[in-house]
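See structure below.
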Amino acid sequence: MSGPLLLPTWEELGVRPQVVATMRRYLEQLGCVLRPGSVAGADLALRSFAAYLVEAAPEVTSIAQVTRRHVEDYKPWLAARPGQNKDRVTIATLAHRLGTLRMFFVRIDEWGWDQAPPRVPMFPGDLPRQDHPLPKALDDAAAAKLLRAAQAEPRLLVRVTIEVLLRTGLRVSEFTALSADAVVQIGAAPWLHVPVGKLREDRYLPLHPHLVVLIEQYRTAHVPAEHPLLLPRENGRALDRHTVTRFINKAGTAAGLAHIHPHQLRHTLATQAINRGMSLEAIAAMLGHRSMDMTLRYAKIANRTVADEYFAVTDQVDALYAKTEPLPADAIGPKMARLRREHHRLLGNGHCTRPAELDCAFESICENCSFFQTSIEFRPTLQAQHDDAEKKGQHHRADLFGQLLTGLTEGEAS
């Protein structure tokens, strides 16, 4: 977010007393239900809009006079503001400021405040769409390098900090707030009690026995028994996120890694877990997520897993694009060959297995039988047999089929 020092204070905005009074009354209400950090963020967003009104909308003396035009003019004004260490505010800051301002208008309208505009002047479409890149987890090789570098650190606090974060997936705020009695025994296993944190819920994590030993070593050497925190600095002061970040990057530099944000260790554990078969429900419980959407965002599937799934179907995909060579004219293929092997001509008391390509000296034996009967529906077959016999010079067969054909003709005539 943009730096708060770049915005005027409420006292400096006092030239619009009604605007300031409405906004501060709203912040007072938020303070009853939200954490101080959330209220501070809302304070920045409202002061930003109040600063715009003082600078560019002198006709507005109360929130009730804010119209859609003021919101539309405010958006480019806000986008042109300098950010903290940046020439312009980021998309994330724009989304936060505008989203907070919209909720301000929505809530005072729902609450029926006299100072609310006649209609809510903002819509969900006023908020810019943000990119949602995959979490930047360390791959297995980088995580192993970081862990080895941490274990080689002479300062025990650096080692215990990195190992606990990498093996538990704690948020930095949770790690620094661990109480002295956080390590508990449940059944036969050690567990870590994580205090109420970002989502207002506490939870228990299974604790690796190695971490239990490491924590005990540090506390024995540097922490008085009466200290309220589990892992304070050696001088007794509480750790903060800046110190934790320095610890991680000290080991990261020794391991030859680029800058590492502490939250990447949380991403790393989630990614390692999901790629080794841990269920999303268990990962959500471990990380303290309220919804599966949060877990899916934190625990991306590693490239190796995607590759395994892809190559499992590669042959099937290739078959769609492969150019099939035409078969030779005399090729019958394995299925037709099997059909020919299994096909037999059914006889009265058995089967004839003569290949179709071979002639049979007894082919017409049935036609010479006194019980043989035929009809006009077989004329094409009899004619083909007659013609075949003449072509091959088999006069006896030709005469036989000729007589049968003549009999059919005489039968039709009668």
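Data table
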item	result
Exposure proxy ranking, count of Cβ atoms within 10 Å, fewest first, for Leu78, Leu165	Leu78, Leu165
Two-decimal Rg to Rh for the range 129-179 - Kirkwood Rh, Cα set	1.08
Debye, to nearest 20: dipole size of the range 166-246, +1 on Lys, Arg Cβ, -1 on Asp, Glu Cβ	340 debye
Full-stretch length increase - Ala282, Thr90 - with 0.36 nm per residue and alpha-carbon distance subtracted	65.7 nm
Prolate/oblate/rounded label for the range 1-57 (Cα gyration tensor, a/c 1.5)	oblate
Extension gain, Val39 back to Arg246 (0.36 nm per residue minus Cα-Cα distance, nm)	71.7 nm
Packing-based exposure ordering (other Cβ within 10 Å, fewest first) of Tyr52, Tyr204	Tyr204, Tyr52
Highest to lowest packing among 141-150, 36-45, scored as the average C-beta count within 10 Å	141-150, 36-45
Cα centroid of the range 153-198 to Cα centroid of the range 377-404, whole Å	98 Å
Sorted by Cβ neighbour density within 10 Å, fewest at the top, the residues Leu30, Leu269	Leu30, Leu269
Label zone at Cys32, where the point sits 7 Å out along the Cα-to-Cβ direction: the range 82-110 residues whose backbone N lies under 14 Å	108
Segment Ala56-Thr220, length gained on full extension (0.36 nm per residue, minus Cα span)	52.9 nm
Gyration tensor (Cα) of the range 4-126, equivalent ellipsoid semi-axes in angstrom	20, 17, 15
Three-way shape call for the range 140-308 based on the alpha-carbon gyration tensor, with the a/c threshold at 1.5	oblate
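Throughout, read-outs are computed from the coordinates displayed, never taken from laboratory work. This is a predicted model, so every value here is computed, not measured. Using ideal geometry, Cβ is built from the backbone for each residue, glycine included, and neighbour counts are taken over all protein chains shown.
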